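Visitor: Submitted below is the structure of interest, expressed as structure tokens.
The values are calculated or read from the model by the stated rules, or taken from the named source; none is laboratory data. Predicted model only: the values in this text are computed from it and were never measured. Heads up, the Cβs are rebuilt from the backbone with ideal geometry, glycines too, and the neighbour counts pull from every protein chain shown.
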Amino acid sequence: MEQQSKQIKALIELHRGLERLGPGDAAFTKHLLSILPDLPQNPCIVDLGSGTGAGTRILADWYKTKITAVDFSRPFLEELQTYAKADGLDHLIRAEEGDIGNLSWPAASIDLLWSEGAAYSLTFEGALKAWRPLMAPNGLAAISEISWFTKKVPEPVLKYWEKAYPAIASETENSKLAMGAGFEVIGIHRLPTEAWWTNYYEPLKERMNVLRPSADPVMQNVIDETEMEIELFKNCKDSYGYSFYLLKAV
Ligand SMILES: C[S@@+](CC[C@H](N)C(=O)[O-])C[C@H]1O[C@@H](n2cnc3c(N)ncnc32)[C@H](O)[C@@H]1O
């Protein structure tokens with residue numbers, strides 16, 4: 001347990017100062033927002049597992065309304081607030097430190113739930129089940145999840161994900177999980193490959209270069225694993241990636 005919390009601390013330290021804590025892209029996010037159905041007046045919008053707010057700030061700017069960002073990492077939320085202030089959006093963002101698997105909000109209250117690169121912490125199925133009761137009637141959710149893109153997955157990729165995230169599934173399987181949890185699937189959109197490199201892996205590699213010389217064994221291990229993950233993606237990016245599931249509570 002102590003080892004695990006040291007590892008989480010090292011992961012937070014590795015991502016400190018990065019604008020994105022996972023693959024993502026502002027233009028892609030805006031495209032998704034442009035195709036979502038309209039929201040009601042004064043919508044309740046949340047970003048779950050917001051990290052430093054890459055998505056939160058786009059949501060705030062797009063809808064010009066209050067966004068609640070939830071994350072269990074205080075350092076990330078502090079960075080979110082700094083970025084939001086710099087963008088003149090801080091008045092629209094409420095940062096809440098908490099567990100996205102244990103939200104004590106009123107039932108049927110969320111009009112738009114955004115969650116990018118964070119549902120995995122509950123598993124996609126666990127996230128859908130935990131969040132569905134919070135959705136307003138016809139409420140919308142945009143949730144990204146690592147998904148298989150092919151049926152024939154190379155052995156090294158299978159081996160890696162069996163250990164890293166055994167719940168990884170295909171888009172068809174994930175759609176079934178969404179429907180089973182009480183959502184209609186209104187679209188599935190794959191994050192472009194460049195969003196992994198330009199906005200995430202390249203800044204992350206620079207950060208690893210800074211930390212490597214003084215890394216303790218825990219940080220060294222986190223760096224080694226991250227390098228492995230990057231190498232795997234470089235060679236096998238056609239096998240898996242992030243899919244955004246656009247869902248409507250039914
Ligand atoms: C890969 S990052 C993505 C952050 C952000 N959405 C982005 O795209 O840059 C995942 C985030 O989820 C947060 N997280 C993971 N599990 C969580 C939980 N159970 N409760 C709250 N936050 C969680 C982490 O602290 C981290 O900030």
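Visitor: Within the stretch 155-195, track down each residue that is polar (S, T, N, Q) and closer than 12 Å to G241 by Cα. Steps first, answer last, please.
Guide: Initial filter on the stretch 155-195 (polar (S, T, N, Q)): 170, 172, 174-175, 193.
Those that are polar (S, T, N, Q) and closer than 12 Å to G241 by Cα: S170, T193.
Visitor: Which residues, counting only those in the stretch 1-57, are assigned to a loop (DSSP other than H, G, I, E, B) and of a type in the set (V, I, T)?
Guide: T52
Visitor: Across the stretch 25-63, what is the number of residues that are on the phi > 0 side of the Ramachandran plot and in contact (Cβ under 8 Å) with a residue 60 or more places away in the chain? Even if it seems obvious, please write down each step before you answer.
Guide: Within the stretch 25-63, the first condition is being on the phi > 0 side of the Ramachandran plot, and the residues that meet it are 42, 49, 51, 53.
Pick out the ones that are also in contact (Cβ under 8 Å) with a residue 60 or more places away in the chain and you get 49, 51.
So the count comes out to 2.
Visitor: What's the number of the condition L122 fails, among (1) surrounded by 14 or more Cβ atoms within 10 Å (Cβ to Cβ); (2) of a type outside the set (S, T, N, Q); (3) free of Cβ contacts under 8 Å to residues at least 40 places away in the same chain; (4) away from the ligand (no atom under 12 Å from the Cβ)?
Guide: Failed condition: (4).
Visitor: Would you tally the residues in the stretch 109-136 being under 20 Å from K176 (Cα atoms) and in a strand (DSSP E or B)?
Guide: Qualifying residue count for the region: 4.
Visitor: Just a yes or no: is a residue in the stretch 65-83 assigned to a loop (DSSP other than H, G, I, E, B) and under 16 Å from G17 (Cβ atoms)? Walk me through how you get there before you give the answer.
Guide: Step one: list which residues in the stretch 65-83 are assigned to a loop (DSSP other than H, G, I, E, B), which gives 65-66, 72-73.
Narrowing further to those that are under 16 Å from G17 (Cβ atoms): 73.
Checked the stretch 65-83: at least one residue is assigned to a loop (DSSP other than H, G, I, E, B) and under 16 Å from G17 (Cβ atoms).
Visitor: Across the stretch 93-108, what is the number of residues that are in a loop (DSSP other than H, G, I, E, B) and either touching a helix residue (DSSP H, G or I) at 6+ places or on another chain (Cβ under 6 Å) or within 12 Å of the ligand (Cβ to nearest atom) (or both)? Outline the logic, then answer.
Guide: Step one: of the stretch 93-108, the residues in a loop (DSSP other than H, G, I, E, B) are 98-108.
With either touching a helix residue (DSSP H, G or I) at 6+ places or on another chain (Cβ under 6 Å) or within 12 Å of the ligand (Cβ to nearest atom) (or both) added as a condition, the list becomes 98-103, 105, 107.
Counting residues in the stretch 93-108 that are in a loop (DSSP other than H, G, I, E, B) and either touching a helix residue (DSSP H, G or I) at 6+ places or on another chain (Cβ under 6 Å) or within 12 Å of the ligand (Cβ to nearest atom) (or both) gives 8.
Visitor: Still on this structure: Residue under question is G53, and the condition is that it be of a type in the set (G, A, S), at pLDDT 95 or above and under 26 Å from K248 (Cα atoms); does it hold?
Guide: Working: of a type in the set (G, A, S): yes; at pLDDT 95 or above: yes; under 26 Å from K248 (Cα atoms): yes.
Yes; evaluated as a whole, the condition is true for this residue.
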